[in-house]
Structure formats: structure tokens, C-alpha cells
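Worksheet: the structure to be examined is printed underneath.
The values are calculated or read from the model by the stated rules, or taken from the named source; none is laboratory data. Just so we're clear, the structure is a prediction, and the values are computed from it rather than from any experiment. Here the Cβ positions follow ideal geometry from the backbone for every residue, glycine too, while neighbour counts run over all protein chains shown. Accessible surface is based on the protein model in full, side chains and every heavy atom, while ligands, DNA and RNA are left aside. Shrake-Rupley method; radii C 1.70, N 1.55, O 1.52, S 1.80 Å.
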Amino acid sequence: MHDLLFRYQDTWAPLKEAGPFFLSLADSAGLSKPAVLTCLESPEILQAVQADAEGAARSGAGSTPTFYIEGGLLEGAVPLSVFRKVLDSVYAVKTGGKAVRR
């Protein structure tokens, strides 16, 4: 379901009520529609999703994916080379500039 939600995010994100669309994905995800409906109607699940979204917004995340690395944000589907540069820089700072071994 996770993969389907991301694949169709441009379809469901602008909807005022995305629940029916999510329910339509249940078969493709191999999930039972009653189980998905129970999840969609659960106040606890709604509260958890809202709290997660609010926390991300407070932290400055404005897109998916967003990665928190040593107090900074790395947003978007960036190439591995960018992650390497960022993580190598963090490693160098934490180890006093020692080289990264690969």
C-alpha cells in the first residue's frame, strides 16, 4: 500500500476526502477492503497521521522524502552521490577530518 500511495500521490493529495481513493487501492495492494475501511475510519489512526504531519511541518519538512541528518534537512529524491557528500562531511566533522574508507 505504501508504494501505491506514493505512486498515486498526485491523484489523491488534492482530494478533499482521499479515503474512497485509498479504499480503491486495497485490491491492488492485496488488502481486504474491510480492514482498510476500519483503518480509514479509526479516530486513533487519523490522530496519529495528523500528529505526524504536524511534526514534520514544524520541523521544516515540505516534501517527501525529507531526511533529517544531524539537525539539517535533505529534501527530495536526491542521488546517492549527494548523500555520500553530506554523510562524508558529517563523518569528517565528527572524526576530526579522518578519511572515509570504502
On the full set of protein chains, 1.4 Å probe, figure out the accessible area of E44 and give it in Å² to the nearest 10.
120 Å²
In whole percent, and with a 1.4 Å probe on the protein chains, what portion of the accessible area of the chain is carbon and sulfur?
58 percent
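For the chain, what is the mean residue ellipticity at 222 nm derived from helices alone (per DSSP H run of n ≥ 4: -39500 (n - 2.57); sum divided by total residues; nearest 500 deg cm²/dmol)? Please report the intermediate quantities before stating the final value.
Values: 7 runs with 61 residues, N = 102.
Dividing the helical sum by the residues of the chain leaves -16500 deg cm²/dmol.
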Any trypsin sites (Lys or Arg not before Pro) in the stretch 43-98 that lie in a DSSP loop and have at most 12 other Cβ atoms within 10 Å would be K98
Keeping all protein chains in place, calculate the accessible area per residue for the chain (probe 1.4 angstrom), answer in Å².
77 Å²
Given [x] 16, 54, 26, 3, 0; [y] 15, 45, 33, 7, 0; [z] 12, 31, 27, 18, 10, 2 as candidate values of P(r) over Cα pairs in 10 Å bins from 0, in percent, which corresponds to the one derived from the coordinates?
[z]
